[in-house]
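Written below as structure tokens is the structure these notes are about.
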Amino acid sequence: MNVLPAGVADVLYLAAAVCFILALKGLSSPRSARRGNLVGALGAAVAVVTVLLSTDFAGANLAVVLGAVGVGSAVAVPAARRVKMTDMPQLVAIFNGVGGGAAAVVGIIELAEWSGAAPTATATSATAFAILVGATSLLGSLLTFLKLQGTMTSRPVVVPAAGPLMVLALVAGVGVGVAVAVTGNVWLGVVLLVLGLGLGALLVLPVGGADVPIVISLLNAFTGLTVAASGWAMSNTLLLVAGTLVGASGTILTLAMATAMGRSVTGILFGALRGGSTAGSTQVSHRPVRRAQAADVAITLAYANRVVVVPGYGLAVAQAQHVLAELVTALRARGVDAVYGIHPVAGRMPGHMNVLLAEADVPYELLVEADDVNAAMPSTDVVVVVGANDVVNPAARTDRTAPIYGMPIINADQARQTIFLKRSMRPGFAGIENELLFAEKTQVLFGDAKDSLSAVVAALKTV
């Protein structure tokens, strides 16, 4: 089906690459994120159509390719449409893993086609890299999916002699990778794939639940690099550009998230090997707290001058973003300066709260970043924490033994009053109690966030 001249195909590939760059730029802001997604999808469509129209497919290969596209679309489209907002990180993880696995499989196929006689040593070197890192991303992403889904424990899982095993697997991977680069042997490529799977398991198993989103971002960068390596091996400029963009942006995001949590990437990955990684907890505190009723909360909010709402993962679980937006709108209609305080790692992935609140048509101007919220916190009358915990926990500033120590937080403890909306006294993903819950100026409204907020909105109308 080679109906496009080479020059036209090159221009279309360039157009697709430009779409990917513009998409990445669009994703840098919630205002333009939707448009960025559409531009990126357009670029991907242009790239796929260009491949189909500029490649000579032998025999039944075209039918196989079209069949694969059809099956992939039949699986991915319903999954993406039906996924809950709370499960979005799991979807990102599994899609990312499939990308890494695809790059590894393509590498094996390339070695088989070359039969030990690759075009250049550079091509086999890039292929070896794609196989090793792609397999690492595949199993690592699958394990992050299972941890976030709750199918396996979110606590760090440290196998015996994990450190030496990781070093051994890495050295073996590099050694076999060099052998693949020199010989182009497909069976050595299979061994390299198995070593990559082992590295993925050893890398992700020791990571605690609170750190999994950062590892997802890191593995996303890994997948981008494997795609770039595949592009290098196959002399495909578009794959090289797209993979480099994903690899670079994933790396930057990983570092930004680690900084937002006040931790290093190495500490996140290897902290459990020395007993310092965060982990989920099932412990429930039985210490007394000041309980509030919806009517009490409504009165407190109605007569405040400034209110900051801090959303978290519990808001997403309860799907309470619409009723929360209704509450904030009602407060602003009464003259209350009500805004949303957005912590960069609230929820399970960067931008989680921004996307969640965008679903409720919350104006972007009301979403205030943590630094700006903290600057005005001493003059804030009430902070309403909805489903968040670790991102407002003062232990991040005061307790050197806490797993979140050093993580920048929203300083809710500096406001005049704090109201927590919680389903139970179970701690956040870090597995530690939040002393702010037991402070004299704190009230706790127990229950499902959606039901609690609905009751507060109803009570507010009577104040």
(message) With the requirement that a residue be outside any loop (DSSP other than H, G, I, E, B) and within 26 Å of the chain's Cα centre (by Cα), what does the range 403-415 give you?
(response) ALA412
(request) Determine whether the range 161-169 contains at least one residue that is more than 21 Å from the chain's Cα centre (by Cα), surrounded by fewer than 24 Cβ atoms within 10 Å (Cβ to Cβ) and β-branched (Val, Ile, Thr). (result) yes
(message) I need the full set of residues from the range 264-310 which are farther than 19 Å from VAL444 by Cβ, among the basic types (Lys, Arg) and at pLDDT 80 or above, in order please.
(response) ARG306
(request) Kindly provide the set of residues from the range 50-63 that are under 20 Å from VAL241 (Cβ atoms) and touching a residue at least 12 places away in the same chain (Cβ under 8 Å), ordered by number. (result) THR50, LEU52, LEU53, SER54, THR55
(request) From the list ALA68, ALA104, ALA123, pick out the single residue that is aliphatic (A, V, I, L, M) and at pLDDT 90 or above. (result) ALA104
(message) Quick check on my filter: what residues within the range 416-431 are touching a helix residue (DSSP H, G or I) at 6+ places or on another chain (Cβ under 7 Å), crowded, with 22+ Cβ neighbours inside 10 Å and either in a loop (DSSP other than H, G, I, E, B) or at pLDDT below 85 (or both)?
(response) GLY428, PHE429, ALA430
(request) Can you give me the number of residues within the range 348-388 that are under 19 Å from the mean Cα position of the chain (by Cα), outside any helix (DSSP H, G or I) and in contact (Cβ under 8 Å) with a residue 60 or more places away in the chain? (result) 6
(request) Could you list all residues from the range 118-144 that are outside any helix (DSSP H, G or I) and among the aliphatic types (A, V, I, L, M)? (result) ALA118
(request) Identify all residues within the range 437-448 that are crowded, with 21+ Cβ neighbours inside 10 Å and part of a helix (DSSP H, G or I); write none if there are none. (result) LEU437
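The values are calculated or read from the model by the stated rules, or taken from the named source; none is laboratory data. Just so you know, these numbers come straight off a predicted model, no measurement behind them. When we count neighbours, we look across all protein chains shown, and the Cβ atoms used for this are built from the backbone with ideal geometry, even at glycine.
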